[in-house]
Each structure stands twice: as structure tokens, then as C-alpha cells.
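Below you'll find the structure, written out as C-alpha cells, and then a few comments.
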Amino acid sequence: MDNQDDGIPGESVALSVVIPMFDEEEALPALVSRLRPVLDGLGESYEVVAVDDGSTDRTGVLLDAFRLGWPQLRIIGLRRNSGHQAALTAGLDRAAGEFVASIDADLQDPPEKLPEMLELAREQGLDIVYGIRADRASDTGFKRWTASLYYRLVRRLAGPSVPAQAGDFRLLSRAAVEALKALPDQQRVYRLLVPWLGFPSGEVTYERAPRAAGSSKYPLGRMIRLAVDSVTGFSAAPLRIATWLGGCAFVVCLGLIGYTLWAHAYEETVPGWTSLFIGVLFVGAVQLVCVGLLGEYVGRIYTAVQNRPTYFVARDSGRVTRVTDQRH
């Protein structure tokens, strides 16, 4: 891939805060007014990696304006909207911190919890600290119901190591970030990938607040897509359904074969019906079994050979040299 650059700046910092953004011009002033005092109060070096995920509003303009008075603010602009998880990947790939936190721009996850997460990681030697939503009263009933259904589903697929009610508000050590970067997954769902690492982890609870401004960037369609990516990325269950259907059909076929033979013995059928009925049932069952088995292998091959870039970087304000095109 030409002009590829994984791009980690030479100067490391104690903490990087990665913030994926898409059309967040309304929430940006409130985010900066709350986040900067928290980070300045740490008394340590830090950077804020704002990933502009192809915003169509004035998000990029406002980020440039804030950066004039906030040198720790680093702007990564993607060439097109690549999705929340891809934007998060772009930020993690380029963050330079000893610890890397991720948080959304809507302030539903409180930035005031970042010092507590950093302190917990250092005191207990943790590689991962999850932000756990202890109270989701600010969400709609439908949102809470779908979220509960999603977490029950992924915990069954990926195991109980996936924390319930943990979104993308978390703190990662440099070791955890490097482990994530080494994974070959293309369609990443960090809510499942991070627990899968099995690194020492802890939790910090908080009350989920309403959005500071703007509208949700996870409508029903994107929530469904996230669930589909979670299922297909961590389980072959959808492919195995065809195999199980084929097996069930085969068992039913055996029962119907017995019935048709009985009906034929008592001459309760028309000539030729028995052989035709048995043949159709048997061929249909075998086809489903074969398609299911074929799907198992095709799914694994597809995952292995798919290597399309998940995002394209147009600019990175943390670089001295001009960035013309970067891919991952």
C-alpha cells in the first residue's frame, strides 16, 4: 500500500485520549470545556487525539480553532466516514500514550472519570479499565432494552469475560494497545476484542448522562449493524444454523420415509408418489447439510483473505511533514 504510515510520533506522553467524532459541532464546546481542565489537572503529559470521521458539519473547523489555544489537541482527519469503530482504530493506531483512553464526544461518558481510571490501572497493575454504566436512566426504554439484549447475546457468544454495560469508554495500557494493533481483524468490535485479550482488568462505574448536544450517531440501523458484526466476527453460529437445519431436515426426512413406506404398504398412495416424495426430501436435506459445511469453510477463507483498508487518513496535525494519503 503506497504512502502507508502507521504513524506513532516519536515523543511519547503519559496519557492519550482518543475521541472519534462525526458531526459533533454542537457538542464540541462543552466537551473541550470539561475535558481540558481534567487533563490539565493530571500534572502529566497528555495528548487528545480527535478523529474527525468525515464530518459534514463544522466539526473540523472548530477542532482547528480549539487547537490554536490547546497544543495538546491533535487532529486526525479521515477522508470519508468510515464508522465509529474504524475511527477508533485510527486513533488507537496513532496514539502515543503510555496509557490510551477512548471516550465519545457526546459527554454521556464523564471525562472526570479518567483520572480515577488511570490511578486504578497504575495502583493495581491493570492493562484495561472499563467504564461500566451503572445507571442508564437517561436512555430511552427502547435503547435500554436493545442494549440489554445485545449484551446478553455477545456474552453468550464471546463468554462471560465481556463486561455487561461496558461501551467504548475504557483505558488501555500500551501493551494492550499494541496487542490490539497486532490483530488481523478488519471489522473490529472493540467491546468484544478488548475482553478477548484476557489482560488484567478493572472497572469504574458511573451514571450515564444525556447527550450534551446533537443527535445520536448510533440509530437503530447502526445498532443492528454492530450486533451483526459482533455475531459474525466472534462466532460461526450463523453458518452452523444451515448445518443444524440440514440435520433436522434429515431426521424429519427419515420419519417421513417411514410414513410413506407405511402408506405405500397399505396402498394409500398414488403410483410414483412415494419415490418422488422420498427423493425430494432426501436431496433437500443433503443439500442443506452440504451448503452448511461449505459455508463454514467459505466463511473462514473470506475472513482470512479480506484485507481492505478500514480507513483513509487525509491529515494528522501531530506530524511535521505533510500527510497526503495514509491507509490502514
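A Förster radius of 30 Å combined with the Cβ-Cβ distance from Asp40 to Arg174 puts the calculated FRET efficiency at roughly 0.85.
The calculated FRET efficiency for the pair Ser33 and Val305, based on their C-beta separation and a Förster distance of 56 Å, comes to about 0.75.
Starting from the residue with the highest accessible area, list Phe277, Phe99 in decreasing order, probe 1.4 Å.
On the way: Phe277 65, Phe99 15 Å².
Most to least solvent-accessible, the answer reads Phe277, Phe99.
Here Val251 and Ala182 are evaluated by their C-beta separation; at R0 = 56 Å the FRET efficiency comes out at 0.80. The string of couplings for region 53-69 from the Karplus curve (6.51, -1.76, 1.60, θ = phi - 60°) is 7, x, 4, 9, 9, 8, 4, x, 5, 5, 4, 4, 5, 5, 5, 4, x Hz, one whole number per residue in order, with x for Gly and Pro.
Could you order Leu78, Leu261 by accessible surface area, starting with the largest, using a probe radius of 1.4 Å? Let's see the in-between values first.
Working: Leu78 15, Leu261 95 Å².
Accessible-area ranking of Leu78, Leu261, largest first: Leu261, Leu78.
Just reorder Phe282, Phe312 by solvent-accessible area, largest first, 1.4 Å probe, all chains present.
Working: Phe282 100, Phe312 55 Å².
Most to least solvent-accessible, the answer reads Phe282, Phe312.
For region 244-250, backbone phi angles converted through the Karplus equation (6.51, -1.76, 1.60; θ = phi - 60°) give residue-by-residue couplings of 5, 4, x, x, 5, 4, 5 Hz, Gly and Pro being listed as x. Put +1 on the Cβ of each Lys and Arg and -1 on the Cβ of each Asp and Glu in region 65-132; which of Gln124, Pro111, Trp70 then has its Cα farthest toward the positive end of the dipole? Result: Trp70, furthest along the dipole toward the positive end.
The label point for Thr56 and the one for Leu294, both projected 7 Å from the Cα toward the Cβ, are 4.0 nm apart.
Amide H contacts of Ala101: Ser16, Val17, Val18, Leu172, each under 5 Å away and 5 or more positions distant or on a separate chain (H built 1.01 Å from N in the peptide plane; Pro and chain starts excluded). Heavy-atom accessible surface of Glu112, to the nearest 10 Å², is about 90 Å², with a 1.4 Å probe and all protein chains retained. Label-to-label distance, Trp244 versus Trp70, with points set 7 angstrom from Cα along the beta-carbon direction: 4.8 nm.
The values are calculated or read from the model by the stated rules, or taken from the named source; none is laboratory data. Keep in mind that this is a model prediction, so the values were computed, not measured. When we count neighbours, we look across all protein chains shown, and the Cβ atoms used for this are built from the backbone with ideal geometry, even at glycine. Heavy atoms of the whole protein, side chains included, go into the accessibility calculation; ligands, DNA and RNA do not. Shrake-Rupley method; radii C 1.70, N 1.55, O 1.52, S 1.80 Å.
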